[in-house]
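S.K.: Here it is, the structure in full.
Taken together, the values in this text are just the output of simple stated rules run on the coordinates, not laboratory data. The model shown is predicted, which means the values in this text are computed figures rather than measured ones. Counting neighbours? That spans all protein chains shown, and the Cβs are built from the backbone with ideal geometry, glycine included.
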Amino acid sequence: MQYSCGFKGSMGNASAGMGWAVLINRGGKLTIIINQTNVNNTIPLAIENGTIKARKMKYKKEDAHCCPSIKVAKKYKLIGSQLKEVK
């Protein structure tokens with residue numbers, strides 16, 4: 001799950017933090033196993049064979065501050081207690 005936290009009253013324009021929470025189902029109860037915050041501008045797209053496929057957005061020099069335009073494919077895997085980027 002991807003989340004973004006904003007400041008009260010900011011209408012979503014001022015982010016205080018962003019990250020991914022990874023949850024597992026334990027007997028019908030969802031449990032957070034990871035809360036990872038070093039994935040800014042990265043959007044999870046799918047999970048296949050235990051690997052999260054994602055798209056990281058990067059800025060070109062001429063991009064507006066709001067809108068990165070370079071799309072980079074990324075893959076992450078749960079290793080120990082952290083999501084690690086894999087090839």
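S.K.: Step through the residues of segment 69-75 one at a time and calculate ³J(HN,Hα) from phi using the Karplus curve (6.51 cos²θ - 1.76 cosθ + 1.60, θ = phi - 60°), rounding each to whole Hz and writing x for Gly and Pro.
M.R.: 10, 8, 9, 10, 6, 9, 9
S.K.: Two decimals is fine: what is log10 I(q)/I(0) at q = 0.15 Å⁻¹ for the chain, from a Debye sum with one equal scatterer on every Cα and no solvent?
M.R.: One equal scatterer on each Cα of the chain leads to -0.67.
S.K.: Within segment 14-69, list the trypsin sites (Lys or Arg not before Pro) lying in a DSSP loop whose Cβ has at most 13 other Cβ atoms in a 10 Å radius. Please report the intermediate quantities before stating the final value.
M.R.: Values: sites: R26, K29, K53, R55, K56, K58, K60, K61; in loops: K60, K61.
Taking segment 14-69 and a limit of 13 other Cβ atoms within 10 Å, the loop trypsin sites (Lys or Arg not before Pro) found are K60, K61.
S.K.: In the chain, once you exclude exposed chymotrypsin sites (Phe, Trp or Tyr not before Pro) (DSSP loop, at most 16 other Cβ within 10 angstrom), what's the longest stretch remaining?
M.R.: On the way: sites that count: F7, Y59.
The reported range is 8-58.
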